[in-house]
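Read-outs throughout are calculated quantities, based only on the coordinates presented, and are distinct from any laboratory measurement. Predicted, not measured: the structure shown is a model, and the values here were computed from it. Don't worry about glycine lacking a Cβ; one is built from the backbone with ideal geometry, like all the others, and counts go over all protein chains shown.
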């Protein structure tokens, strides 16, 4: 299958972002992947371009995104996937840690949308998909800061959905439950190992592609995606 689409995927070097990039490439898209660092042998062929960018450095981000946009004006879809997790009681967070979560999980996505949405609106087409979380739907113990960022991303998606309704630009959000990725490395909990205890990155990539492949004029606003069972294993994971 071939397509004229060019997708920008953040956090594309591993985990969910890598699965989204691979799915889009398999469907014939061109993919521009953003990651802080690129491991060896990431991506292949002319359909994939890796772009090194630290999205947490929000003071520098507007200029960097402008440069990327000038290099690749053909981008017509964005998947804002990059993010981090940190969990604990609120008083356990330093101000710097709070700022880090907000900057990467929320501010970077706002700045990405700010850079590319005017071009999407001008061409009356485009896709903007945010990666939310089950924590964007229901807050939980020791997840106050993380949930706050994801609730905010969900509000951003809902508001931009209304703002863009008349422009031909489609906006949506995917809210996955626990996905078996390196997200939990270094944490004291992770999803269970049985197939029904966790999602896979490919599950999330399929949900994103469902949004992207909806017919023109139809919008899938939000997908809540969960494993069959909610099983959490406790114990320090390797860093």
Fill in: With Cα atoms, 0 to 90° folded angle of helix 201-212 axis to the chain main axis
40 degrees
Worksheet item: How far, in degrees from 0 to 90, does helix 108-123 lean away from the longest principal axis of the Cα atoms of the chain, to the nearest 10?
Response: 20 degrees
Item to complete: Using a cut-off of under 20 Å, list every residue of segment 175-205 whose amide N is near the label point 7 Å from the Cα of residue 37 along the Cα-to-beta-carbon line.
Response: 181-187
Worksheet item: Under the Kirkwood approximation applied to all pairs of distinct alpha-carbon atoms, what is the hydrodynamic radius of segment 47-121 in Å?
Response: 13.8 Å
Practice prompt. Using only Cα positions of the chain, each an equal point scatterer, no hydration layer, compute I(q)/I(0) via Debye at q = 0.08, 0.11, 0.14, 0.17 Å⁻¹ and quote the log10 values to two decimals.
Written response: -0.28, -0.54, -0.90, -1.36
Fill in: Between helix 61-71 and the chain: long-axis angle, C-alpha atoms, 0 to 90°, nearest 10
40 degrees
Worksheet entry | In nm, spacing of pseudo-spin labels at residue 193 and residue 4 (7 Å Cα→C-beta vector) | 5.0 nm
Worksheet item: In whole Å, what are the Cα extents of segment 136-185 along the three principal axes, biggest one first?
Response: 41, 22, 13
Worksheet item: If you take the Cα atoms of segment 1-128, find Rg, then find the Kirkwood Rh from the mean of 1/r over all pairs, what is Rg/Rh?
Response: 1.00
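Given the -39500 (n - 2.57) contribution per DSSP H run of 4+ residues, what per-residue ellipticity at 222 nm results for the chain, rounded to the nearest 500 deg cm²/dmol? Intermediate results must be reported in sequence, preceding the final value.
Numbers: 6 runs with 80 residues, N = 239.
The helix-only estimate for the chain comes to -10500 deg cm²/dmol at 222 nm.
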Worksheet item: What is the extension gain from residue 49 to residue 162, computed as 0.36 nm multiplied by their sequence separation minus the C-alpha to C-alpha distance, in nm to one decimal?
Response: 37.5 nm
Discussion item. Can you report the principal axis dimensions of segment 138-239 using only the alpha carbons, biggest first, rounded to whole angstrom?
Written reply: 49, 28, 23
